[in-house]
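Data first, discussion second: the structure below is written as structure tokens.
The values are calculated or read from the model by the stated rules, or taken from the named source; none is laboratory data. All of these numbers come straight from a predicted model, not from anything done at the bench. Every residue, glycine as well, gets a Cβ built from its backbone with ideal geometry; the counts of neighbours run over all protein chains shown. Side chains included, ligands, DNA and RNA excluded: accessible areas come from the protein's heavy atoms. Shrake-Rupley method; radii C 1.70, N 1.55, O 1.52, S 1.80 Å.
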Amino acid sequence: MKLTFIEEPELEFGAGRHVDMRFGIMTYGPLDCTTLVAPKQIKLGVIGTPESVDGVRNWLELCRNQIPAKPNRDDPTKPHRQPNLFAAFPGFRQDTAFRSTLTIPDDLCRTLANASITSITAPRQRNARIARAVAIFMDEIGYLAQNTAADVIICAVPLAILQAIGPEESPEEPEEEADDPATVQLDFHDMLKASAMQQYRKVIQIILPSTYDTSKQRLQTRLRHARELQDPATIAWNIHTALYYKAGGVPWRLPRPSTELTVCYVGVSFYRSLDQEALLTSVAQVFNERGEGVVVRGGQATISKDDRQPHLPSNQAYDLLKSALDRYYEVHKTYPARVVIHKSSRFDDDEQHGFIGALDERHIATHDFLSITDSETRLFRAGQYPPLRGTLLVLDERELVLYTRGSVPFFETYPGKYIPRPLRIRAEHTEQTPQYLAREILALTKMNWNNTQFDGSVPVTLRASRQCSSVLRYCSEARSIEPRYSYYM
């Protein structure tokens, strides 16, 4: 065994590099800020009740100016003890960090009628209520998509709808569908994104009431629609970074020295079809250094009798990677010199044979196949804090344990609430060194446009493929899907 430490990877921004997304954008601007294609003015559509539409518009107006950093808990007049962990939001204007602005014209705001919201509560089954809520939003998304030039459509979901589609609180009257173990509970978020993508090819951003009104957090928690409560500046950072990316912007990328090979990262994960009839289906998420993702829908997979894990037949593995590389070629007009595949289960011989066949046809000689799962191995560090993010334990030439979450020197603390679990990385077929592969995975955890705190646990290859899987299960096989990742996040 060999224990080493990997320094925090830097990201590249408009005019420089930094380890932190927020400080990088504040200091150097987004990666594309000096280009002609950067979104300098982002036109937003907003759908919701009069209260939720006004709440979102007022909050976004507030975010044009600086949102102060989280204060010291003991003395609110003083800055937080970890100022790098809780950065102030600089405001979203053309003369500040993002070099862009948001516009919300009145004719791009659509309000939901009270009768429509009341109609959601009529069906007894929760799935029917969720389907009805999606249909109500889709009516307005359709209008904005067909009659306006909105770059991103915000769905400002009101509390009344969250309450209508929330789980039943009374155990005395269980829902009929709960008695059937084969019934799949629909997910409003994923179903709405799939419908907006396939019917109108529109990117949406779902915003819940606690985003613009923290007093709604407790009620959202009771309705089981609450996420971890964040400070106002962090919320502003995350929402505006996502909006910038969804409007076509590129906030940051991984630096690539000119001496290194061009590389394509592919994440493969699996999901059950909505009707539960197809056993498992695969999806690949292709990324380059700029974080530009291309989504590819794969074929059916099977559960192996040997390891009880999902695997692709050789021909399906070949077709999946062939489609992914062809998508890459459409964007870049060339094939990458190196391909890295991250998979949530082991690679069997058939999968490797299919993947290598697709690579050989395109004369791509350099590739790395890595299986990435949670590790049961733990390291313990002297003192009160867990091991540093970037701690790498090399068990042997094929088995690695990497802490992607842990104590962060830049933050001067461990930002998590629970004991961090490292990643178990198995090098199935590789040409790079363990340290190189681990450094690459650590850097890929930072390519997440939904979170500007850089201590993500999994690389974007797997995170994005899982997010895409959640949305794709609601997509019709008869219709095409959008290749850009912004439709799924």
* To do: Specify the residue that is most open to solvent (accessible area, probe 1.4 Å); the eligible residues are those in the stretch 464-479 that are assigned to a loop (DSSP other than H, G, I, E, B) and in contact (Cβ under 8 Å) with a residue 12 or more places away in the chain.
  => Arg479
* Quick one: is Ile117 surrounded by 14 or more Cβ atoms within 10 Å (Cβ to Cβ), out of contact with any His (no Cβ under 9 Å at 6 or more places or on another chain) and at pLDDT below 95? -> yes
* If we scan the stretch 404-411, do we find a residue that is in contact with a strand residue (DSSP E or B) (Cβ under 8 Å, 6 or more places away or on another chain) and under 23 Å from Tyr485 (Cβ atoms)? -> yes
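Table: residues versus (1) surrounded by 20 or more Cβ atoms within 10 Å (Cβ to Cβ); (2) in a loop (DSSP other than H, G, I, E, B).
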site	(1), (2)
Met447	yes, yes
Asn451	no, yes
Phe454	yes, yes
Val458	yes, yes
Leu462	yes, no
* Does the stretch 187-197 hold any residues that are open to solvent by 10 Å² or more (accessible area, probe 1.4 Å) and either modelled with pLDDT under 95 or under 29 Å from Ala233 (Cβ atoms) (or both), and which are they? -> Asp187, Phe188, His189, Asp190
* Asked: part of a loop (DSSP other than H, G, I, E, B), under 21 Å from Ile235 (Cβ atoms), out of contact with any strand residue (DSSP E or B) (no Cβ under 9 Å at 6 or more places or on another chain) and in contact (Cβ under 8 Å) with a residue 24 or more places away in the chain, is that true of Ala69?
  -> no
* Flag for Trp252 being touching an Asp or Glu at 6+ places or on another chain (Cβ under 7 Å) and within 24 Å of Pro415 (Cβ to Cβ) -> yes
* Structure fact -> When restricted to Asp306, Asp360, the only residue surrounded by fewer than 22 Cβ atoms within 10 Å (Cβ to Cβ) and in a helix (DSSP H, G or I) is Asp360
* Which condition does Ile372 not pass, out of (1) of a type in the set (A, V, I, L, M); (2) farther than 25 Å from Pro313 by Cβ; (3) open to solvent by less than 10 Å² (accessible area, probe 1.4 Å), if it passes all the others? -> (2)
* Working only within the stretch 399-419, note down all residues that are open to solvent by 10 Å² or more (accessible area, probe 1.4 Å) and within 20 Å of Arg463 (Cβ to Cβ). => Arg405, Pro415, Gly416, Lys417, Tyr418
* Structure fact -> Within the stretch 245-272, the residues that are open to solvent by 20 Å² or more (accessible area, probe 1.4 Å) and either more than 19 Å from the chain's Cα centre (by Cα) or modelled with pLDDT of 90 or more (or both) are Ala247, Gly248, Arg253, Pro255, Arg256, Pro257, Ser258, Thr259, Glu260, Leu261, Thr262, Arg272
* To do: State whether the residues of the stretch 27-34 include one that is free of Cβ contacts under 8 Å to residues at least 60 places away in the same chain and among the polar types (S, T, N, Q).
  => yes
* strands (runs of 3 or more DSSP E) wholly inside the stretch 78-156 that include at least 3 residues being of a type in the set (Lys, Arg) -> none
